[in-house]
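J.: My questions will all concern the structure given below.
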Amino acid sequence: MMRARQALLNPLIDENPVTLHILGICSAVAISNSLYSALVMSVALTSVLVFSNVVISMIRRHLPSSVRIIVQMTIIASGVIVVDELLRAFAPEIAQTLSVFVGLIITNCIVLGRAEAFATQHGVALSFLDAIGNGLGFSLILISVAIIRELLGTGSLLDVGIFKPVSEGGWFEPNAFFMLPPSAFFIIGGIIWAVRSWKKEQVESPEFEPISVAELESD
Amino acid sequence: MNNDSPLKAIMVVTVTALVCSVLVTVAAVTLRPIQRAYEDLERIRFIVRVSGLSESVETMSDLEVIGAFQDLEIRLVDLDRGAFDSSNNPDTFDAREAATEPQFRVAIPAELDVASLGTRSSLETVYLLRDGETLQRVILPIHGQGMWSTIYGFLALESDLNTIAALTISEQGETPGIGDVILNPEWQARWQGRRLYDEQRSLRFRISREVVAANTEDASYHVDGLAGATVTLNGVMNLMRYWFGPHGYSRFLQNLSETEGS
C-alpha cells in the first residue's frame, strides 16, 4: 500500500519528471502557450505512458536485455501512433496545433525513462500507478506553465477573458513574450527554483568546486 | 527458455512487431473514414471561401459551410478534351487518388511539366457558381511543387473566365514564417482582379518582384512577389503556368467561354 502511494504521489513534486529529472522539456516548452493544447498534450502523454508502462511491465520477464530498448521503443511508438490517429479523427483542430509534438511523444524521455527505470522491474499494478503519477507530474508542470503563459500573453484562459486587454478598452497589456517558447524556459526555471527552495533535498551537490578568486590570484 | 538466447530475442522482437503492426493498422484503418470526413469538410471550407458565397467563412459553422457548398455545381472536366465528363460521378471522384490509378493517370510530357507533377488525373473536379442560368464563378483546383512540399489550392475565376476572383491555398508545407507567406490573406487578396490571358490568349499572368506601376495594363496581369519566399513563389508561378497552360485548363476555359461566357 505504501509502495502504491509512493508510485502514484512521489512523481507529483518529490520526483517530478520535469522539475527534478529535467525530462520532457521539449514539449513542455513548445506546447505550453495555450491551456487547451497543454490539457490535450497532458492527456495524450499520460495515455501513452500508461499504455507503455503496463505493456512493458507485462512482458518484463520475457524481455531479452540485448533487444530491450528497441522492443520498448516499438511499443511506445505504436501507442503514440494510435493516440495521434485518435486525435486526428476526433480532435483534428487541436491535432493540427500540436502537429509534430504528438509524434514527438515517442522521443519524450519521460516515457522511455519510466519504461526502463520502473516498468521493467515492477509489477503491472505498480507500473500503472507509476505511469499515472508521472503523467500527472508532467501535466502539473505543463498546465501551470500554460496558465501563466496564456494568462499573461493574451489575458484570457481557454478563450474566457480574465484580464481585459487594452485593445478592448481594458487595463491589461498582453505581453507577447509569453507566447514565445523561450518564456517557458524562464517559467520552468522559476518553478524549479521555487520547488528546490522549498524541498532542499532536491538541490544537487555541485559537480566541481568553484575556484575562488583568492586562489586564482595566488597563482 | 533462456531470456538472453538469440532465439528468444528473435521471437520477442517478431511477436512485438506483429502485435504492434496489427494495433497500428487497425487504428489507422478504422479511424480513416472519420479523418477523411474532416478533411473533406476542410476542403469544402476552402472552396466556399473562394466561391464568394460568404464573406467570413472562418466564423461559419460546419453546417453553414456545407449549406453554402450545396449552391455550387460540381462537374468533372476532361482536361485533354477541354470538356465536361459525364461518365464518372463528380461527387465521389478523387483526382488526387486518380492520378495514381492506371485508368485515369496521365503522364505529363517533360517539356510541359513546369510544376514538377510527373502525372496528373485525366479528370479534375471543378465547381461552378451560377446565378440562375448565368455562370458567375468557376473554381479550379490547382497544385504544384513548392520548395519542400506540394502546394494545393483553389483559384476562382470570374464569369469572363479570365479575371481572378480569389485564390486560396488549402495545403502546403513550406518553411514556417518564410515560404508560408503564401497563406497570408493580404497577399492572396492581391490576386483579385488580376487577369490570366492577354488578347492573343497566351498566359500573361506573372508573379514577380519587379516594380510595376499601378493602373497600367501590366499591373492587371501582375501579382507582387514576396521577399524571402522566392523558391516557393517560383513554385506557385510554375503551377499557374502548368494549370493555365495547354496541358491544364486552357482548352476547357476556352470551350467554356464559347458556350457560356459573358
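J.: Find how many whole Å separate the alpha carbon centroid of segment A:133-209 from the alpha carbon centroid of segment B:32-50.
T.: 36 Å
J.: What does the accessible area of residue A:21 come to, in Å² to the nearest 10, when a probe of 1.4 Å is used?
T.: 90 Å²
J.: Leaving out ligands, DNA and RNA but keeping every protein chain, what accessible area does residue B:94 have, in Å² rounded to the nearest 10, with a 1.4 Å probe?
T.: About 50 Å², ignoring ligands and nucleic acids.
J.: Based on Cβ point charges of +1 for Lys and Arg and -1 for Asp and Glu, what charge dipole magnitude is obtained for chain A about its Cα centre, in debye rounded to the nearest 20?
T.: 960 debye
J.: Right, something else. Can you tell which of B:231, B:16, B:132 lies farthest toward the positive end of the dipole of the protein assembly as shown, using +1 and -1 charges on the Cβ of basic and acidic side chains (Lys, Arg; Asp, Glu)?
T.: So the residue we want is B:16.
J.: Further question on the same structure: Would you be so kind as to identify all helices of chain B, as entire DSSP H runs, whose Cα atoms reach 24 Å or more along the helix's own axis and whose mean Kyte-Doolittle hydropathy is at least -0.5?
T.: The answer, listed by residue number, is B:6-51.
J.: Cα centroid distance between segment B:65-120 and segment A:40-95, in Å?
T.: First find each Cα centre; the distance between them is then 40 Å.
J.: Would you mind telling me which residue in A:124, A:48, A:67 has the biggest mean-square fluctuation in a Gaussian network model of chain A, where springs connect alpha carbons within a distance under 10 angstrom?
T.: Largest GNM mean-square fluctuation: A:67.
J.: So how do A:102, B:211, A:43, B:231 rank on accessible area, 1.4 Å probe, biggest first, that is with the largest at the start?
T.: B:211, A:43, B:231, A:102
J.: Rounded to the nearest 20 debye, what is the charge dipole size of the protein assembly as shown about its Cα centre when +1 sits on each Lys and Arg Cβ and -1 on each Asp and Glu Cβ?
T.: 1380 debye
J.: Across peptide A:60-68, what mean number of C-beta atoms from other chains lies inside 10 Å of a residue's C-beta?
T.: What the average comes to for A:60-68 is 5.
J.: Just grab the label-to-label distance for residue A:4 and residue A:199, each label 7 Å out from Cα along the Cβ direction, in nm (one decimal).
T.: 2.2 nm
J.: What order do B:158, A:173, A:85 take when sorted by accessible area (1.4 Å probe), most exposed first?
T.: Reading off the accessible areas and sorting them downward yields A:173, B:158, A:85.
J.: Within 10 Å of each Cβ in A:77-85, how many Cβ atoms from other chains are there, averaged over the peptide?
T.: So the per-residue partner count for this stretch is 5.
J.: Treating cross-link reach as a plain straight distance, find the aspartates and glutamates whose alpha-carbon is under 15 Å from the alpha-carbon of residue A:200, omitting any fewer than eight places away in the same chain.
T.: Cα-Cα hits under 15 Å: A:14, A:15.
J.: A further question follows. Projecting each Cα onto the charge dipole of segment B:1-71 (Lys/Arg +1, Asp/Glu -1 at the beta carbon, about the Cα centre), which of B:59, B:7, B:28 comes out farthest on the positive side?
T.: Checked the options; the winner is B:7.
J.: Another question, then. Using unit Cβ charges (K, R positive; D, E negative) and no other charged atoms, how large, in debye to the nearest 20, is the dipole of chain B about its Cα centre?
T.: 640 debye
J.: If a helix is a whole DSSP H run, which ones in chain A reach 27 Å or further along their own axis (Cα) and hold a mean Kyte-Doolittle hydropathy of at least 0.0?
T.: A:35-58, A:68-90, A:124-154
J.: Another question about this same structure. Using a ≥ b ≥ c from the Cα gyration tensor of chain A (square roots of the eigenvalues), is it rounded, prolate or oblate, where a/c under 1.5 gives rounded and otherwise the larger of a/b and b/c decides, a/b for prolate?
T.: It comes out oblate by the Cα gyration axes.
J.: Let me ask something else. Put A:73, B:240 in order of accessible area, largest first, 1.4 Å probe: what do you get?
T.: Sorted descending by solvent-accessible area, the residues read A:73, B:240.
The values are calculated or read from the model by the stated rules, or taken from the named source; none is laboratory data. Worth saying up front: this structure is predicted, and the values here are computed from it rather than measured. When we count neighbours, we look across all protein chains shown, and the Cβ atoms used for this are built from the backbone with ideal geometry, even at glycine. Accessible surface areas use protein heavy atoms only, side chains included; no ligands, DNA or RNA. Shrake-Rupley method; radii C 1.70, N 1.55, O 1.52, S 1.80 Å.
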